[in-house]
Amino acid sequence: MRDCIFCKIIEKKVPSKLVYEDDKVFAFEDINPQAPMHILIIPKQHVANITEVKDYDLVGYIYSIANKLAEQKGIAKTGYRVVLNMGPDAGMAVHHLHFHLLGGRALHWPPG
């Protein structure tokens, strides 16, 4: 999508701190981290939100990448959270499907 900031990040028209990239997903550090480790994992194909997903295998794949990154970053054993926000009341600010990988400290419940 032409005006999507995440699409521009994927295209490397907007700088980011790349953490992981393959043919399906792009992962980068959040510019407003909510935990010591806060990575956004996004599909390369523009999908506005979870209700527009046509290929749910992609969602499973994103979770597998989150697990892989948690292992690589050393937080898999202590714990981490993967968050998907849907809509403005949930805090979704960018309308490109994205998953937050959070860790590196105790994450309290409830989150909001």
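None of the figures in this text is laboratory data; all of them are computed from the coordinates on show. Everything numeric here is computed off the predicted structure, so don't read it as measured data. As a convention, Cβ positions derive from the backbone with ideal geometry for all residues, glycine included, and neighbour counts pool all protein chains shown.
Structure values in brief
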read-out: Positions within the stretch 69-83 being within 22 Å of residue 16 (Cα to Cα) and surrounded by fewer than 15 Cβ atoms within 10 Å (Cβ to Cβ), in sequence order; value: 71, 72, 74
read-out: Boolean, residue 31 is out of contact with any strand residue (DSSP E or B) (no Cβ under 6 Å at 6 or more places or on another chain) and either in a loop (DSSP other than H, G, I, E, B) or surrounded by 16 or more Cβ atoms within 10 Å (Cβ to Cβ) (or both); value: yes
read-out: Condition check for residue 106: small (Gly, Ala, Ser) and surrounded by fewer than 16 Cβ atoms within 10 Å (Cβ to Cβ); value: yes
read-out: Unique match (being in contact (Cβ under 8 Å) with a residue 40 or more places away in the chain and not in a loop (DSSP other than H, G, I, E, B)) among 6, 26; value: 6
read-out: Selection count where residues are assigned to a loop (DSSP other than H, G, I, E, B) and closer than 16 Å to residue 30 by Cβ, scope the stretch 80-94; value: 6
read-out: Failed criterion for residue 51 (all others in (1) in contact (Cβ under 8 Å) with a residue 24 or more places away in the chain; (2) surrounded by fewer than 12 Cβ atoms within 10 Å (Cβ to Cβ); (3) part of a loop (DSSP other than H, G, I, E, B) hold); value: (3)
read-out: Flag for residue 62 being of a type in the set (Val, Ile, Thr), crowded, with 19+ Cβ neighbours inside 10 Å and in contact (Cβ under 8 Å) with a residue 60 or more places away in the chain; value: no
read-out: Number of the condition not met by residue 85 [criteria: (1) under 22 Å from residue 5 (Cβ atoms); (2) of a type outside the set (A, V, I, L, M, F, W, C); (3) in contact (Cβ under 8 Å) with a residue 60 or more places away in the chain]; value: (3)
read-out: Matching entry among 46, 98 (being under 22 Å from residue 2 (Cα atoms), surrounded by 12 or more Cβ atoms within 10 Å (Cβ to Cβ), in contact with a Cys (Cβ under 8 Å, 6 or more places away or on another chain) and of a type outside the set (Gly, Ala, Ser)); value: 46
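Every residue, every condition in (1) under 24 Å from residue 8 (Cα atoms); (2) part of a loop (DSSP other than H, G, I, E, B), yes or no:
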site	(1), (2)
45	yes, yes
58	yes, no
66	yes, no
70	no, no
108	no, yes
